[in-house]
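Peer 1: Quick one: the structure is below, questions incoming.
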Amino acid sequence: MNVALVKPTTDHALGELFAAAQSRLPGSGTVAEVRQIAFDDFVRRGLPHRRIEEWKYTDLRALLREVAPLAPAPDQAAFARAAKAVKSLGIDSTQKLVLVDGVFAPQLSDVTALEAGVHVRALREVLEDNDNKVRADLLKTSVASDAMISLNAALATDGVVIDVAEGIALAKPVHIVHVATNSSTSLVTRSLLKVGKGAHMTFVESFVAAEGAESYQTHDSVVIWIGDGAELQHVRLMEDALDAANISTGIVTIGAKAKLNTFNLTNGGNVSRYQGFITFAGEGSELTTNGVNLLGARRHGDTTLVVDHAVPHCTSREVFRSVLDDRAHSVFQGRIIVRPDAQKTDGKMMTRALLLSDEAEADNKPELEIFADDVTCGHGATAGALDESLLFYLRARGLPENEAQALLIAAFVGEAIESIVDDNLRDFAVAAAERWLATRG
Amino acid sequence: MTALLEVKGLKVQVEDNEILHGLDLTVNQGEVHAIMGPNGSGKSTLSHVIAGKPGYDVTAGEILFKGEDVLEMAPDERAAKGVFLAFQYPVEIPGVTTMNFLRTALNAQRKARGEAELLVPDFLKKVRSVADSLNIPMDMLKRGVNVGFSGGEKKRNEILQMALFQPSLCILDEMDSGLDIDALRVAADGVNVLRSKDRAMVVITHYQRLLNYIVPDFVHVMSKGRVVKSGGKELALELEESGYAQFEDKAA
């Protein structure tokens, strides 16, 4: 591919993109400066391509070609369609914060019914609050230097800023629902969650399309701080339209003696990447993360996790699964960094790919960067078809081939879904996996 | 009367290696047949081919079940028509609870036969009574299929399925392997309860020991891919004394 030829046209389109977006972007002064710097950074790099090591398997120049223009601000009809999409999600047990086409929609959200100790503001509102001296920091990221994070900072139209008070245990999950109602446009959002010291809560992110929304691009980022002694259950359910793209970033900082349990389901989107940067900033903390990619046709799903053991005595467990049909392509990149002082680190990751077709592809790139000497770290990977002996056993008991396969796939995925603590969310994830299986026919 | 199972001139290859060289076997309703023979004589191959395990190439002969050619049927169709293979080594299926597996399998068979699905309460009642008779605690059925089960528990789980599905032909492949005498007795008792004039059994075993508990009507000796001798239950005792060597010479 001749990058030099592609880039100028991309640059030109990008300049227009930012100019056209200006009227939609909240915040002036320092906020506008941060956006400009971020945008310049993105223009300098362009969309990541295969020669950028971190994006080797997910060449966005080939897969996305360009960043779609921002979706227009939603009108009443858009909100009505979004409301329908939220309803058809069928999750009633959460406190929802709904973002429609990249704009916070309080009228569709449970803002008046939030539990005590949960404080929510729209990102737009904070960015426009000129008395807030640190507002521009909401768009800054120190953990990674990445074109897509810069793009997100430059173009984020809205999001939610959530504060959960110290020491409380929430009864209901806090749930951000991203709804796209528009086609061939971008939704750029950024949300922040601060979990107070000793607080216990579940945080859910859903990505869905309203009926008829096609070929859109979701560019989301979420920044999370977990206070000392806090416990966060984080569930991410990506069910965007099958021809949509979703390029999202999670940046998590874990305090001392805290726990984070994450589950990510990729069950939508033609091109998707979820990149998580998780840093242990306090000793004695635990991370468990489970991911499942369900991909068919020619869909591409990438999960990239960087776990940074910056302090001693922390434990991390990552298990990533993919089920791949047709010519689907799944990517898992897992990097575990153990800093020189981070003794007694215990970090392990495992990748398991289930290949249902000869033409499906699973790429797996584990990286261990260990600078301390008293640590336990490891990684493993398996890839293969469904076990013939299990299939025969089920068929000998009367299950037709497709049902036998479905049962084994559901079991494979189910082992990851089991990690979801919340009963309703777990049932929802099971149902989502069943929907995927049903599409296989 | 049509025989329940008729195997005629069956030749079977795995890759280019012929394992069965023209095998004949007829089993009628209500009969219990034992198939004995040394390792490598083709006993398990016969059971696998009847049940429809992939990887075997039938080059000659036929297998009729209730007069129908089973070689044309998928394994699940055979199961729905009443063929049941109790595995020598039942597989472990993590992530699928035994309960869910039993219900899915039973309903799949019923559906294939054009019968209505069993309602959950009826199903539970049925499972509970069968499990009780086999000393299988209900807790065990809530775990993954055979996951963490002992050898005896796995075999009892096979018999539980047999009792639940009520097949007309049960093929027990080396049911005694890996079982101590107590476990063997429990398993054999479970099988004996299922003996009936409407059901036939083919008991495959290397050792005569099992046949003390499941007493056959007929005994066949297999060697090198053929049935080399058939007789009554006394043939098993004879074998116990004289061993298989005599037949190996004969087959060669």
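The values are calculated or read from the model by the stated rules, or taken from the named source; none is laboratory data. In this text the structure is predicted, and so the values were computed from the model without any measurement. Here the Cβ is made from the backbone with ideal geometry for all residues, glycine too, and neighbour counts use every protein chain on show.
Peer 1: Within the range A:192-208, count every residue that is more than 12 Å from the chain's Cα centre (by Cα) and either under 23 Å from residue A:39 (Cα atoms) or part of a strand (DSSP E or B) (or both).
Peer 2: Result for the range A:192-208: 9.
So that you can scan it fast, the table gives a plain yes or no per residue for (1) crowded, with 24+ Cβ neighbours inside 10 Å; (2) of a type in the set (A, V, I, L, M); (3) under 27 Å from residue A:154 (Cβ atoms):
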{"residue": "A:192", "(1), (2), (3)": "no, yes, yes"}
{"residue": "A:213", "(1), (2), (3)": "yes, yes, yes"}
{"residue": "A:238", "(1), (2), (3)": "yes, yes, yes"}
{"residue": "A:245", "(1), (2), (3)": "no, yes, yes"}
{"residue": "A:254", "(1), (2), (3)": "yes, yes, no"}
{"residue": "A:284", "(1), (2), (3)": "no, no, no"}
{"residue": "A:304", "(1), (2), (3)": "no, no, yes"}
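Peer 1: Considering the range B:120-164 alone, what residues qualify as being assigned to a helix (DSSP H, G or I), of a type outside the set (Gly, Ala, Ser) and under 16 Å from residue B:178 (Cα atoms)?
Peer 2: B:153, B:154, B:155, B:156, B:157, B:158, B:159
Peer 1: Note down all Cβ pairs under 7 Å where the first residue falls in the range A:211-225 and is more than 14 Å from residue A:272 (Cβ to Cβ), the second is charged (D, E, K, R) and part of a loop (DSSP other than H, G, I, E, B), and they're at least six residues apart or on different chains.
Peer 2: A:214/A:243
Peer 1: Let me ask something additional. Please enumerate the residues belonging to the range B:57-68 that are touching a strand residue (DSSP E or B) at 6+ places or on another chain (Cβ under 6 Å) and either surrounded by fewer than 16 Cβ atoms within 10 Å (Cβ to Cβ) or among the β-branched types (Val, Ile, Thr) (or both).
Peer 2: Within the range B:57-68, B:57, B:58, B:59, B:60, B:62, B:63 qualify.
Peer 1: Also: Report, by residue number, each residue of the range B:41-91 that is within 25 Å of residue B:224 (Cβ to Cβ), away from every other protein chain (no Cβ under 14 Å), free of Cβ contacts under 8 Å to residues at least 60 places away in the same chain and outside any helix (DSSP H, G or I).
Peer 2: Once the filter is applied, which keeps residues that are within 25 Å of residue B:224 (Cβ to Cβ), away from every other protein chain (no Cβ under 14 Å), free of Cβ contacts under 8 Å to residues at least 60 places away in the same chain and outside any helix (DSSP H, G or I), the range B:41-91 yields B:57, B:58, B:59, B:60, B:61, B:62, B:63.
Peer 1: Let me ask another. So which residues in the range A:383-407 are facing another protein chain (nearest Cβ under 7 Å) and not in a helix (DSSP H, G or I), if there are any at all?
Peer 2: The answer is A:397, A:398, A:399, A:400.
Peer 1: Please note which helices (runs of 4 or more DSSP H) are completely contained in the range B:165-245 and include at least 3 residues that are surrounded by fewer than 21 Cβ atoms within 10 Å (Cβ to Cβ) and under 19 Å from the mean Cα position of the chain (by Cα).
Peer 2: It comes to B:181-193.
Peer 1: Could you grab me the full set of residues in the range A:408-437 that are at the interface with chain B (Cβ under 7 Å from one of its Cβ atoms) and either within 22 Å of the chain's Cα centre (by Cα) or surrounded by 22 or more Cβ atoms within 10 Å (Cβ to Cβ) (or both)?
Peer 2: Those that are at the interface with chain B (Cβ under 7 Å from one of its Cβ atoms) and either within 22 Å of the chain's Cα centre (by Cα) or surrounded by 22 or more Cβ atoms within 10 Å (Cβ to Cβ) (or both): A:412, A:414, A:415.
Peer 1: Kindly indicate the residue of the range B:99-119 that is within 17 Å of residue B:81 (Cα to Cα) and not in a helix (DSSP H, G or I) and also farthest from the other protein chains (Cβ to nearest Cβ) among those meeting that condition.
Peer 2: The qualifying residue farthest from the other protein chains (Cβ to nearest Cβ) is B:116.
Rundown of residues vs (1) closer than 27 Å to residue A:210 by Cα; (2) crowded, with 20+ Cβ neighbours inside 10 Å; (3) modelled with pLDDT of 95 or more; (4) not β-branched (Val, Ile, Thr), yes/no style:
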site	(1), (2), (3), (4)
A:15	no, no, no, yes
A:23	yes, no, no, yes
A:59	no, no, yes, yes
A:66	yes, no, no, yes
A:69	yes, no, no, yes
A:86	yes, yes, yes, no
A:92	yes, no, no, yes
